[in-house]
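Encoded as structure tokens, the structure appears first; notes follow it.
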Amino acid sequence: MKSSQPVPSHPAPLRFAAGCVLLSGLMFGGSLMADDRPAAPQTPTDRPPNVILILVDDLGWMDLGCQGSDFYQTPAIDRLATEGMRFTNGYAACSVCSPTRAAVQTGRYPHRIGVTDWIRSRFQRGDLGTPAANPTEYVGGKQQRLLCPPNPFWMEASERTIAEALQPAGYRSGYVGKWHLGDEAWYPEARGYDLNRGGCDYGQPPSYFDPFNNPNHRHESIRAGIHNLPGRNAGEYLTHREADEAEAMIRQWKDEPFFIQIAHYAVHTPIQAIPEVAAKYEDRQGQNQQNAKYAAMVESVDDSTRQILDVLQELELDRRTIVIFTSDNGGLDRNGDPTDNAPLRSGKGYAYEGGIRVPFLVRWPGEIPAGKVSDTPVCSIDLFPTILELTGATIPDDRPLDGLSIAGHLKSGGAESLNRDDLFWHFPHYRHPPGPYSILRRGDWKLIKFWEGSHELYHLGDDLGETTDLAGSFPDRVAELDAALLARLESDGAKLPRPNPAFVASDAAPE
């Protein structure tokens, strides 16, 4: 069945789908029919606001015009900043994707949930498939000083998602794009979402071009392509298809409150772009950034954002819809390839600001003052309680939440402060030297605890680029923050690295 709503027209070569029709919400087992959930208020005056959460994959702190980039062109996303609030100290809950995605859904730290590294998809597990339960045995090779907790293959069903928390308030919930929180039994449609277009166990797409698959891959899931996003027009770009799917949901649910998460697969690798768009950037030269294909991928996210804002305005939903925009971790910065996070240090996967500091924008016309900039630190964990408070939904009291609602801070234009001193990160895995790490930020002080034995201390107010390690100059401060960090991790039940009794020193790992 096809929707009666046509796909919005888009000029070539930016779009490949002009003239196609949007898939309806009745395909692939989704349902937009009435069910047993509470009836939602129907009058414009008492209907709670809609929420659209845009979560981009691997978008760096400097990858937007409103963040200071002189290379990327993002006028639609920049509107969210000029018409809402921009946070200069926005953080992802982890420097890699799955833990942040779990934190977004639950309002809980990754270390409390137990998802502390990116989840390996089925095609990355050999013949293991989907085991009966998540692994529990610590792992580590002989050349690693520490044994590390295993990362699960899914976020446990006992965790409560935003969609599940909004159901009692009568919300429709839709998911578009990357999920990366488990196998099929844990896909969005099993976690409270009425519709799911693209959310599966993938960490990255097989291809950014329709039909979004790799027909020669050894694993059936890659040959089949992205879940619930079958090919419709060869060559269509994935980010634009995601925008169309989100627009279809908005049109279907325009008369009732909805929550839609648009979790773009872009700008994650593979770095694939529409050639005509990338060509626009070939002769541009930014101070630090210069990858034309990556710039075209960023532009596709801006295209999507523009399409969403346009349909909200067309349907007169603009002033009753909250739009939130952020990223799941810092940009992938391998000496500027594909992006550059300067003035921040390093990038995705690392403990430095380039790995965890991300764009964080919130717009709600008439409710959040326009053009405000906040230096207050906020994090992915804050999205869950904030969305629930702004929509009037009940915030669960049957489990600890780590996030704080920033609703008052937003509505006051930043005047209302948050009652929080510390933010925490925990990555108990080997990814880059010097190994597993945890972080505590308290005020402008940032402690990095490397579990093999060293510490680094930075004052972000004076040294945003983390160029000067102050640990040797402030040993008492290191001891204070380290004790606070360890106490919090232990109280939250975080799994900590352990000494590896099988460790054998080598030239690569000296005593």
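Points to keep in mind about this one:
- Take the Cα radius of gyration of the stretch 111-240 and divide it by 2.2 N^0.38 Å, N being the number of residues; the result is 1.20.
- The stretch 462-500 and the stretch 301-364 have Cα centres spaced 28 Å apart.
- Built amide H within the under 5 Å cut-off of Leu147, gap 5+: Arg498, Asn500
- One Cα centroid belongs to the stretch 251-290, the other to the stretch 113-188; the line between them spans 26 Å.
- What the Cβ-Cβ distance of Lys254 and Asp46 gives, at R0 = 22 Å and to the nearest 0.05, is a FRET efficiency of 0.85.
- Contour minus Cα-Cα distance for Leu496 and Ser473 (0.36 nm per residue): 5.5 nm
- Looking at the chain, the DSSP beta bridges with both ends there are about 55 percent antiparallel.
- Under 5 Å, built H, 5+ apart or other chain: amide partners of Cys379: Tyr91
- Tail beyond 20 Å, pair distance distribution of the stretch 269-393 (Cα, percent): 58 percent
- Sequence-distant residues sharing a close amide H with Arg345 (under 5 Å, placed H): Glu353, Gly354
- For the stretch 382-442, the C-alpha radius of gyration sits at 1.48 times the compact-globule guess of 2.2 N^0.38 Å, with N the residue count.
- For the stretch 89-105, backbone phi angles converted through the Karplus equation (6.51, -1.76, 1.60; θ = phi - 60°) give residue-by-residue couplings of 10, x, 10, 7, 6, 7, 8, 10, 6, 4, x, 5, 5, 5, 5, 4, 5 Hz, Gly and Pro being listed as x.
- Arranged from fewest to most other beta-carbon atoms within 10 Å of their beta carbon, Asp482, Asp63, Asp462 become Asp462, Asp482, Asp63.
- Helix-derived mean residue ellipticity, 222 nm - over the chain, DSSP H n ≥ 4, -39500 (n - 2.57), to 500: -6000 deg cm²/dmol
- Pairs exceeding a 27 Å alpha-carbon distance, out of Lys254/Lys411; Lys348/Lys446; Lys411/Lys495; Lys446/Lys495; Lys142/Lys178: Lys411/Lys495; Lys142/Lys178.
- When Ser207, Ser454, Ser506, Ser95 are sorted by how many other C-beta atoms sit within 10 angstrom of their C-beta, beginning with the fewest, the order is Ser506, Ser454, Ser207, Ser95.
- Estimated FRET transfer efficiency (Glu164, Asn288; beta-carbon r; R0 41 Å; 0.05): 0.50
- Taken one residue at a time, the phi angles of the stretch 201-212 give Karplus couplings (6.51, -1.76, 1.60, θ = phi - 60°) of 8, 5, x, 7, x, x, 7, 8, 10, 3, x, 6 Hz. Gly and Pro are set to x.
- Note on Glu137 and Val373: their simple-model spin labels are 5.4 nm apart, each label 7 Å out from Cα toward Cβ.
- Spin-label proximity, His217 to the stretch 104-147 - amide N less than 13 Å from point 7 Å beyond Cα toward beta carbon: 121-126
- Kirkwood Rh, Cα atoms: Rg over Rh of the chain: 0.95
- Using only alpha carbons, the stretch 124-175 has a radius of gyration to Kirkwood radius ratio (Rg to Rh) of 1.19.
- Computed from phi, the 3J(HN,Hα) profile of the stretch 404-409 under the Karplus parametrisation 6.51, -1.76, 1.60 (θ = phi - 60°) reads 10, 5, 9, 4, x, 4 Hz, with x in place of Gly and Pro.
- The stretch between Arg125 and Thr88 holds 9.5 nm of extra length on full extension. This uses 0.36 nm per residue minus the Cα-Cα distance.
- Residues Glu247, Glu452, arranged from fewest to most other Cβ atoms within 10 angstrom of their Cβ, appear as Glu452, Glu247.
Taken together, the values in this text are just the output of simple stated rules run on the coordinates, not laboratory data. Because the structure is predicted, anything quoted here is derived from the model rather than measured. All Cβ positions, even for glycine, are placed from backbone atoms using ideal geometry, and neighbour counts span all protein chains on display.
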